[in-house]
Amino acid sequence: MHPLIARYLSPEAARETLQKEKDGAPLGPEERLFAQTAADHPEQRATLLGTSGRRHLSSDAEAAVVFLAAYAATRAIAEDPALSASTARAREALKAEGASDTETDAFLASILMEEAFGYEQEVETFDSTYVQETLGEVPALAALTREQVDALIIGFERSARDEKERDIRARLARALINQAWDEGPTPINPEHIEALYEAEIEGKPEEEMEAGLRAIVDFLQVLAREGLVGPQRLSRLRAQLGDEEA
């Protein structure tokens, strides 16, 4: 989890920073980024400040805290020497494909949210290398066309050993694409895999389940060869699917 997200998931810390800004007190680097983010998103800022003195946050206030923390962290990685170049390339790629500033910020925030909350294991430290890899996936994802996706699926189907395997590959590859990229290509994450498993694998006969899981792993490897899934992401997704070779 990015340190800025970890710090500002606390509503008390968030409100304290905004109060310091209001009072004209000097702000530290993280406080400055959070205050700038809150100023750019007055609706979330107002929702958060409206909870002052309350012990329990409403769902809207909780969402506002997470939103502001994640968006502030996107500003932080743009200034991080280890991530600034990758962040800039990701932004440029998204904008080149027509994404607005709002859409670009949301895309980058989702990457940081996945690193923070997307996996079952609790990681106290920030996995900068994983975020850097994910940012590196963005240019290829942003430039991906429907025709290219179709070509990948068709090639995957044709590589099957027999008609039965071809049918399984066709169904699972298209189901994964529909699950993950229904609103445009984004990094494939554990939520996509879980939803795919529940819809297409769970409850099937054992032999069919094994064939389906293998098809998903094989298609993820195809996407990895195209630069659409990074090595660390591939390993994590394969492990989620119970692939012993991950």
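Side notes on the structure shown:
- Label sites at Ala46 and Thr125, each approximated as a point 7 angstrom past Cα along Cα to Cβ, lie 4.3 nm apart.
- Kyte-Doolittle mean at least 0.5, axial Cα span of 20 Å or more - DSSP H helices of the chain: 59-79
- Under the convention that each Lys and Arg Cβ holds +1 and each Asp and Glu Cβ holds -1, the size of the dipole of the chain around its Cα centre is about 640 debye.
- Computed E for Met209/Ala25 - FRET, C-beta separation, R0 41 angstrom, nearest 0.05: 0.10
- The mean sequence distance of close C-alpha pairs (under 8 Å, at least 6 residues apart), as a share of the length of the stretch 82-236, puts its relative contact order at 25 percent.
- Estimated from the Cβ-Cβ distance and a Förster radius of 30 angstrom, the FRET efficiency linking Gln232 and Ala151 is about 0.70.
- Of Pro139, Ser100, Phe117, farthest towards positive along the dipole that unit charges on Lys, Arg, Asp, Glu beta carbons give the stretch 24-183: Ser100
- Placed amide H near Val229: partners under 5 Å, 5+ positions off or other chain: Ala224
- Averaging Cα coordinates gives a centre for the stretch 8-40 and one for the stretch 135-164; these two points are 44 Å apart.
- The stretch 90-229: C-alpha gyration tensor shape, a/c 1.5 cut-off, then a/b vs b/c: oblate
- Each of Ser59, Ser100, Ser235 has some number of other Cβ atoms within 10 Å of its Cβ, and from fewest to most they run Ser59, Ser100, Ser235.
- Comparing Ala96, Ala173, Ala73 in a Gaussian network model of the chain where C-alpha atoms under 10 Å apart are linked, the largest mean-square fluctuation is found at Ala96.
- Most positive-pole-ward Cα, Ile154, Gln232, Ala173, against dipole of the stretch 146-240 from beta carbon charges: Gln232
- Note on the stretch 68-119 and the stretch 169-232: Cα centroid distance 24 Å, given to the nearest whole angstrom.
- Dipole moment magnitude, nearest 20 debye, the stretch 3-143 about Cα centre, only Lys, Arg, Asp, Glu C-beta charged: 520 debye
A short reminder: the numbers here are calculations on the coordinates, not readings from a lab. Here the structure is a predicted model, which is why all the values come from computation and not from measurement. Cβ sites come from the backbone with ideal geometry, for glycine too, and all protein chains shown count toward neighbours.
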